[in-house]
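*Asks:* Just dropping this structure here.
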Amino acid sequence: MQMFNGKVVCPRCDGNGLIYQAKIVDVKLTVYICDECEASWISADIRKDNFQDLTTFLESNNLIYSKAQILDLGYEWKK
Ligand SMILES: [Zn+2]
């Protein structure tokens, strides 16, 4: 995992985005989301080959992006 100022760099968009932790309130799931390309991970195992699109992830949980309650938990999740 590549780090920048204590934050995790997104492996999908090659350093453009940083990964923040978020809680999808509707389904009580914690996910990790890139602030640039919206790749998302359901675990802290952030790799280029295991992300899904946030929209796709939400849809697979019967949620719509514009209506989902997504709580931003910040970038400081990786200790
Ligand atoms: Zn990204």
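*Asks:* For segment 1-42, restrict the atom set to alpha-carbon positions and state the Rg and Dmax in Å.
*Replies:* Spelled out, the Cα radius of gyration and Dmax of segment 1-42 are 10.5, 31 Å.
*Asks:* Next question, about the same structure. Enumerate lysine pairs in the chain that are 8 or more residues apart or on different chains, then count those whose Cα atoms are under 17 Å apart. Could you put the intermediate results ahead of the total?
*Replies:* On the way: Lys7/Lys48; Lys7/Lys78; Lys7/Lys79; Lys23/Lys67; Lys23/Lys78; Lys28/Lys67.
Total qualifying Lys-Lys pairs in the chain comes to 6.
*Asks:* Pop a pseudo-label 7 angstrom from the Cα along the beta-carbon direction at both Phe4 and Trp77 and give the gap in nm to one decimal.
*Replies:* Between Phe4 and Trp77, the simple spin-label model gives 1.8 nm.
*Asks:* Please get the size of the charge dipole for the chain, origin at its Cα centre, with Cβ charges of +1 on Lys and Arg and -1 on Asp and Glu, quoted in debye to the nearest 20.
*Replies:* On the way: 9 positive and 11 negative charges, 55 e Å.
Magnitude of the dipole: close to 260 debye.
*Asks:* Which value in Å does the Kirkwood hydrodynamic radius of segment 22-79 take, with 1/r averaged over all unlike C-alpha pairs and then inverted? Present the calculation step by step, with values, prior to reporting the outcome.
*Replies:* Values: mean 1/r = 0.0861 Å⁻¹.
For segment 22-79, the Kirkwood estimate is 11.6 Å.
*Asks:* Once the other residues with Cβ under 12 Å from the Cβ of Glu38 are scored (Lys, Arg +1; Asp, Glu -1), what is the net sum? Numbers along the way, then the final one.
*Replies:* Details: positive: Arg12; negative: Asp35, Glu36, Asp53.
Overall, the nearby charge balance is -2.
Readers should treat all values here as calculations from the given coordinates under stated rules, not as data from a laboratory. These numbers were taken from a predicted model, which means no experiment stands behind them. Note: ideal-geometry Cβ built from the backbone for every residue, glycine included; neighbour counts use all protein chains shown.
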